[in-house]
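Engineer: The structure's right below; bear with me while I get my questions together.
No value in this document is a laboratory result; all are computed from the given coordinates. These numbers were taken from a predicted model, which means no experiment stands behind them. Neighbour counts run over all protein chains shown; Cβ positions are idealised from the backbone, glycine included.
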Amino acid sequence: MSTMETQTFFLYLLGILLSARVFAELAVRLKAPAVIGELIAGVVLGPSLLGWIEPVQVIKLLAEIGIILLLFEVGLETDVTRLARSGAKSVAVAISGFVLPFLLGYAASRWIFGLDALTAAFIGGTLTATSIGITVRVLADLNRQRSHEAQVILGAAVLDDVLGVLLLALLYEFSVGGGVSLVNFGKVLLFVSTFFVLAPASAKIMSLVIRRFDKKSEIPGLIPTAIVSLVLFFAWLAHAIGAPELLGGFAAGLALSRRFFLPFGTALHSNPIFSERIERQMKPIVHLFTPIFFVMVGLSLNLREVDWGSGFIWSFSMLLLAVAVLGKLASAFLVRETTLTRLAIGFSMIPRGEVGLIFAELGRVSGIFTNDVYAGMIIVIALTTVLPPFALKWLYSRHGQNIGKRNPGEDGEVQ
């Protein structure tokens, strides 16, 4: 970068960090999750309002590091025993929350608004997304990230991301080549499956090496340096084999968590003290980068491009908003939980965030989405990103003590 470009970058970063903090503080004082303030900071600074900051590539890269580190922290705090216990429920929520919005979104676009099949498929694909980063941050703000329902949500959101990547790969091939290569699609599926089997085991072995060197090192800062390097390596590896980068961060955190089980039932326990040291030393780094990601989501929404007088945009976006909300809520009601827990799971699965934006942006760049369709999708993504945290905050403030409890007669631990 030239001198001017470097100065501009410094100002961008200064504005993002300070505004994220200020708006997050205001949001918390107004009894809203901090993530809402960070999203609003992006809307205010970006093209939607003031236009002071552009979502340039270097900011996008910093935001990508933020979401990867956030997922690392999620993995680090995940109790795998609980995740395994809620595994069947996570799978049920993920698959139904993937299939229902896709089919409903496709049907509404194809047969109500008369769009072509590929456009309808991209719209349905966009509605399948779940922004695990936003969901996790809201649960953390509510201090529910280790609850029973959070384990179901986390497992479902991770699987939802994997399914979304596979669908995105399929639709991308179709849009570029005019057809689908089942061989390439099979490779992506194989790569993702292999990654989830091997990456945590490999990260566990590397953590043993890090722990040994940490005992001998005479220079402070070995743990954060080594862990960030490990997280970035697994993020790169995930991308290299066809999986989303954020799953690499999650796998690394999962491997270093206090309780971890290798595939095929072989137990390998972490040193709890070492895990706590990792968590304590990594938190400042995570809290530095993650707000950049959420501000970036706001920066990516250009609400000025919306023709607010268009009848098509309003009818299109409102119908798809209903589909987006009901599809995820319905998936939560397919598992055996109390009504309140189902609502918490359903609300948590609604935010589309950056994942939905990836679908929408690909549709726009590929020429599949017209300006009106793209604007309608941006409205849906924005509303499904901003509104569910408020719904979750209200639900937990009114019924938090009853959320996560099991149904009478249901086996398992009461949360």
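Engineer: Going highest first, how would you order 250-256, 59-65 by mean Cβ packing within 10 Å?
Structural biologist: Ranked by mean Cβ neighbours within 10 Å, highest first: 250-256, 59-65.
Engineer: Report the Stokes-Einstein translational diffusion coefficient (µm² s⁻¹, integer) for region 302-409, Rh taken as the Kirkwood radius over Cα pairs, at 20 °C with viscosity 1.002 mPa s.
Structural biologist: 141
Engineer: Let me ask another. Using only the Cα atoms of region 291-355, what semi-axes does the equivalent ellipsoid have when each is the square root of 5 times a gyration tensor eigenvalue? Give whole Å, largest first.
Structural biologist: For region 291-355, the semi-axes come out at 28, 19, 7 Å.
Engineer: Over 28 Å between Cα atoms: which of LYS60/LYS283; LYS204/LYS328; LYS283/LYS328; LYS215/LYS283 fall into that group?
Structural biologist: Over 28 Å Cα-Cα: LYS204/LYS328; LYS283/LYS328.
Engineer: Right, here's the next one. How do the peptides 98-105, 342-349 rank, highest first, by the average count of neighbouring beta carbon atoms within 10 Å per residue?
Structural biologist: Final packing ranking: 342-349, 98-105.
Engineer: Let me ask you something else. Using only Cα atoms, what is the ratio of the radius of gyration of region 85-151 to 2.2 N^0.38 Å?
Structural biologist: For region 85-151, the normalised Cα radius of gyration comes out at 1.42.
Engineer: A further question follows. Could you give the length gained by full extension between GLN57 and PHE10, i.e. 0.36 nm per residue of separation minus their alpha carbon distance, to one decimal place?
Structural biologist: Full extension from GLN57 to PHE10 adds 15.5 nm.
Engineer: Based on the Cα atoms of region 204-249, what semi-axes does the equivalent ellipsoid have, where each is the square root of 5 times one gyration tensor eigenvalue, given in whole Å with the largest first?
Structural biologist: Square roots of five times the eigenvalues give 25, 10, 6 Å.
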